[in-house]
Amino acid sequence: MPSLRKGISVLYVDDEPELSSLVATYLEREAADVHLSVETATNPRDALDLLSDAQDDFDCIVSDYEMPEMNGLELLRAVRATRPNLPFILYTGKGSEEVARDAFRVGATDYMQKTTGTDQYAVLANRVINAVSRNRAEEATERYDSVFEALETAVYVVDESGQFVSVDDVFVELIGYDRETILGNHVSSLSPDDEQKIRDELDRLFAKDGVETTRFETDVCTASKERIHCIATMSFKSFEGGTQRVVGTLHGVTEQRGQQERDQYLARLKDAVLDTSTTLMSAEVDEIGTKIHWTLQSLGEFADVDGAAVYSYDSDVDALQKTHEWTIDDQFPLPSTVRGDDWTWFLERLRCFENVRATDASTLSTSEPEPLCLPENGSFLALPMVSNWSLVGAVTLMSTTSRQWSDKEVSLFGTAADMLSYTLERQQRERQLRQQNERLEEFASVVSHDLRNPMNVVDGFMELARDTGDVSHLDRAMDALDRMDALVNDVLELARQGRTVGETAPVDLTGVVRRAWSAVETGEATLELDDDLATVSADASRLTQVFENLVRNAVEHGGDDVTISVGPLPQTPGFYVEDDGPGIPEVDRSAVFEQGHTTSEDGSGFGLSIVEGIVEAHGWTIGVTEGSDGGARFEIITAPHTQTFSQPHAN
C-alpha cells in the first residue's frame with residue numbers, strides 16, 4: 001500500500017447536518033494511524049463548488065443517496081465529468097440492488113449501506129483508506145509508465161538520401177546492431193516489408209511544400225531476427241546552413257498492446273463482478289446456493305482457473321471448511337478442510353484480512369503444499385471474507401498452472417468476495433427469521449390443537465368425578481395434566497431457543513455425554529462410550545440437550561434395560577447415538593423429527609424436533625437408520641455440507 005503519511009482529505013455529503021457531524025467525528029477517530037480529515041456539505045451543489053475550488057483538494061468523496069435537488073447518483077455523474085478517477089463511495093440508508101448496480105455503472109468506487117451502531121464507521125473509514133490507497137497507487141503507476149514510455153522512445157536522424165546520420169542509445173538497444181553498422185544504411189533497410197512505403201513517406205517530407213510530419217506503423221527487424229511492431233514518426237527539420245534532415249522516432253508497441261489487452265481484461269472482469277454481484281443481491285434465499293455456484297463458475301472460467309470455492313471459517317478450531325465449490329472436472333478436487341495447524345501462516349494472513357496469492361507452489365512460505373492440494377506448478381489466490389470486523393471465511397481460486405495475479409485483478413476479485421460474504425450473511429439472517437416464524441406457527445398449532453385434547457380429557461374426567469363421586473377419575477385427569485405440562489415445557493423450549501445457538505467453543509463429547517446421562521432418569525439402562533470420541537466446536541449447553549433428548553427417547557422406547565452406545569462416525573466427521581431397542585420402522589423414519597410425532601403415550605412428540613433444530617443451528621445434519629443390533633441409530637454429521645457444481649470449459 002502506498003504511503004499515507006500525508007493524510008487523507010474526505011468530503012462527506014449528507015443533507016442531515018447532525019448526522020454529517022457525527023460521521024465526520026467517527027471517521028477521523030476510526031482512521032487508526034492515518035491522519036484523516038473530513039469536511040462536510042449538506043447540499044450536493046455546495047459539494048461541487050468545494051470540489052472546483054483549487055484550494056480544496058479532496059482525496060475521496062463519501063455521499064448519501066437520497067438528497068433534495070440532486071441525489072447521490074447525480075452527484076456522482078457530475079463529479080465523474082471533471083474528476084474521473086477521484087474515489088467516490090455511495091453511503092446510503094435506503095439502498096437496493098438497483099441503486100448499487102447503477103452506482104457501479106456510473107463509476108462509484110464502493111457502495112455501502114448505513115446500519116445501526118457505531119461499528120459501521122470503522123468499516124467506512126477502512127474503505128475510504130483502501131480506496132484512496134488504490135487510487136494513489138494507480139496514479140503513481142501511470143506517472144511511471146509515462147516516464148518509461150518517454151525514455152524507451154528511440155530517436156534517429158536521416159539525410160535527404162534516407163540514410164542514417166545519427167541514432168541514440170535507445171535506438172541502438174532496440175535494433176541490436178552497433179551504431180557504426182547502422183549509420184550509412186537506408187532507413188527502410190530495417191523494415192523490408194514496408195520499404196516502398198517508407199521511401200514514399202520520405203519523398204513527401206523532402207518535397208517542396210510537403211508535409212511536415214508523418215506517422216505510421218511498421219515491423220522492424222532486429223539483429224537477432226526478431227520482429228518488433230513499432231509506431232514510427234518522421235518530421236522534416238531545417239537546420240543552420242540550409243541542411244535538411246528528417247528526425248524520426250520508433251516506439252515499440254508490443255508491450256503497449258499487451259497493456260491494452262490487460263486493460264480490456266480488467267474492464268471485462270469488472271463487468272463480470274458487477275453482473276455476479278447484482279445476481280447475488282437479487283437472489284431469493286432458496287436460490288442463493290445456485291447463484292453462488294454460478295458466481296464461482298463465472299469468475300473461475302473468466303480467470304481461466306481450474307477450481308473455485310467458498311470456505312467458512314471456524315475460529316474455535318482455527319480451520320476453513322469448504323461450503324461451495326466449482327471445478328472444471330473431477331480431477332482437481334479442492335480440499336474440504338484447511339487447518340491452522342497445517343498452514344499457520346496462511347490463516348494468520350487471512351485473519352489480518354490480507355489477500356494471499358502465489359504464482360506457483362514453489363513460492364509458498366511452507367514446504368508443505370498438501371493442505372491446498374496444489375500441483376508443483378499450481379497457483380492460487382485466497383481472499384478473506386469479513387463480517388463485523390471478523391474473518392468469516394475465504395474465497396479461493398486455484399489453477400494447475402503458474403499464473404500472475406495483478407493488484408487490480410485481486411481488487412476486483414476482492415469485491416466479489418465481499419459480495420459473497422454479504423449474501424451468505426443475508427441468507428443466514430433470513431433463515432433465522434423464517435425459523436422464528438415457523439416456531440410461532442408451531443406454538444400456535446400446539447396451543448390450538450395438541451393442548452386441546454388433554455384439556456378435554458381433564459374437563460371430562462373432572463365432570464365425571466363430580467357427577468359420580470368416584471375420585472379415581474381424578475387420576476385420569478392428573479395424567480392428562482402431566483401430558484399438558486410436558487407439552488408446555490417442550491413448546492416453551494422451542495419458543496425460547498428454537499433453532500439458534502449461543503457462543504461456540506471446543507467441546508469434549510465424552511464429558512457432554514456423561515453430563516447428559518446423569519441428568520436423565522435412565523433406570524437400569526447401560527451407557528457404552530467409544531474411546532475415540534473427538535472434540536467438536538459447539539454450544540455446550542445446547543449440545544448437552546441433544547444427548548439428553550436422545551437418551552430419554554431411547555429409554556422411553558427401549559425400556560429401562562436398554563443399552564445406549566455413543567461413538568464416532570467411521571468415514572466422516574461426526575458421531576452416532578445408538579440403542580438396542582425395538583428400532584424405528586423404515587416407513588416412519590422420515591417423520592420422527594416432525595413436531596408432535598410420538599409413539600409413546602407419555603411423549604410430547606417434540607423431543608426429536610428439538611434435537612433436529614439444535615443440530616441444524618450448528619450447521620450440522622442428522623439422520624436416523626437401523627442400529628447394529630436392530631435398534632435406532634441417530635447419526636450427526638458435523639462437517640458442513642459442500643454444494644458442488646462441475647462443468648467443463650465452454651468451447
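The test for being open to solvent by 70 Å² or more (accessible area, probe 1.4 Å) and either more than 17 Å from the chain's Cα centre (by Cα) or at pLDDT 80 or above (or both) does not hold for Gln297. Of the residues making up region 188-212, those that are of a type in the set (A, V, I, L, M, F, W, C) and under 56 Å from the mean Cα position of the chain (by Cα) number 2. Could you check, for region 364-383, whether at least one of its residues is open to solvent by 20 Å² or more (accessible area, probe 1.4 Å), modelled with pLDDT of 75 or more, among the hydroxyl-bearing types (Ser, Thr, Tyr) and touching a strand residue (DSSP E or B) at 6+ places or on another chain (Cβ under 7 Å)? No; the residues of region 364-383 include none that is open to solvent by 20 Å² or more (accessible area, probe 1.4 Å), modelled with pLDDT of 75 or more, among the hydroxyl-bearing types (Ser, Thr, Tyr) and touching a strand residue (DSSP E or B) at 6+ places or on another chain (Cβ under 7 Å). If you check Ser189 against the conditions, is it without any contact (Cβ under 8 Å) to a residue 60 or more places away in the chain, outside any helix (DSSP H, G or I) and among the polar types (S, T, N, Q)? Here the answer is no, as Ser189 does not meet what is asked.
Restricting the first member to region 347-360 and to residues that are closer than 14 Å to Tyr311 by Cβ, and the second to residues that are modelled with pLDDT of 85 or more and open to solvent by 80 Å² or more (accessible area, probe 1.4 Å), the beta-carbon pairs closer than 7 Å and six or more apart or on different chains are Val356/Arg349.
For the criterion of being open to solvent by 60 Å² or more (accessible area, probe 1.4 Å), modelled with pLDDT of 65 or more and in contact with an Asp or Glu (Cβ under 9 Å, 6 or more places away or on another chain), Asp482 passes. When the residues of region 530-552 are narrowed to those that are aliphatic (A, V, I, L, M) and in a loop (DSSP other than H, G, I, E, B), which ends up least open to solvent (accessible area, probe 1.4 Å)? Ranking the candidates gives Leu533 first. Applying a threshold of 8 Å to beta carbon distances and a minimum spacing of six or more residues, or different chains, the list of pairs starting in region 404-416 at a residue that is under 14 Å from Asp110 (Cα atoms) and ending at one that is open to solvent by 20 Å² or more (accessible area, probe 1.4 Å) and not acidic (Asp, Glu) reads Ser411/Arg134; Leu412/Leu266; Leu412/Lys270; Gly414/Asn355. Give the residues of region 100-133 that are open to solvent by 10 Å² or more (accessible area, probe 1.4 Å) and of a type in the set (Gly, Ala, Ser), sorted by residue number. Listed by number, the residues that qualify are Gly107, Gly117, Ala122. From the set of residues in region 553-589 that are of a type in the set (A, V, I, L, M) and either assigned to a strand (DSSP E or B) or open to solvent by less than 40 Å² (accessible area, probe 1.4 Å) (or both), which is nearest to Val615 (Cα to Cα)? The selected residue is Val577.
The values are calculated or read from the model by the stated rules, or taken from the named source; none is laboratory data. Keep in mind that what you see is a predicted model, and the values were worked out from it rather than measured. Using ideal geometry, Cβ is built from the backbone for each residue, glycine included, and neighbour counts are taken over all protein chains shown. Calculation scope for accessible area: heavy atoms of the full protein, side chains included, ligands and nucleic acids excluded. Shrake-Rupley method; radii C 1.70, N 1.55, O 1.52, S 1.80 Å.
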